[in-house]
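Values in this text are rule-based calculations from the coordinates and carry no lab data. Not measured: the values here are computed from a predicted model. Every residue, glycine as well, gets a Cβ built from its backbone with ideal geometry; the counts of neighbours run over all protein chains shown.
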Amino acid sequence: MGNRIQLPKLVWWKYKIEPDQVLKVTVTAADIFCGYETFYARMDKSGRITITELTLKLLQDKTREKQSLTGAVMEIRLEPA
């Protein structure tokens, strides 16, 4: 399942994000209004953040008629924790 976010290196450098830094991640489906979910995560050494299955399930439960999030455009907000 595609539950990983790849952060471009330019973003790492611009905002001085370190792989061991804890980040507050807010995820919402941009094309389906379903609210948002927030969780804490760390970026791995390749620049990826994994969205947990629980977070995806909670987002899907907020959609109308349990609409699938497959192929949905996701908006991601990162902040230092």
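Each Cα pair under 8 Å and six or more residues apart adds its sequence gap; the mean of these over the residue count of the chain is a relative contact order of 39 percent. Dipole check for the chain: with +1 at the C-beta of Lys and Arg, -1 at the C-beta of Asp and Glu, and the Cα centre as origin, the magnitude is about 200 Debye.
Each stretch of four or more DSSP H residues adds -39500 (n - 2.57); spread over every residue of the chain, this sum gives -6000 deg cm²/dmol at 222 nm. Each of Ile76 and Leu58 was given a label point 7 Å from its Cα along the Cα-to-Cβ line. The distance between the two points is 1.8 nm.
Within the chain, what is the number of lysine pairs with alpha carbons under 18 Å apart, leaving out pairs fewer than eight places apart on the same chain? Mind dumping the intermediate values first?
Working: Lys9/Lys45; Lys14/Lys24; Lys14/Lys45; Lys16/Lys24; Lys16/Lys45; Lys24/Lys45; Lys57/Lys66.
For the chain, the number of qualifying lysine pairs is 7.
Sorting 65-75, 16-26 by their mean Cβ neighbour count within 10 Å, with the most densely packed peptide first, gives 16-26, 65-75. The computed percent of Cα pairs over 20 Å apart for the structure shown corresponds, within [x] 52; [y] 32; [z] 48, to [y]. Against the chain, whose longest principal axis is taken from its Cα atoms, helix 53-62 shows a tilt of about 40°.
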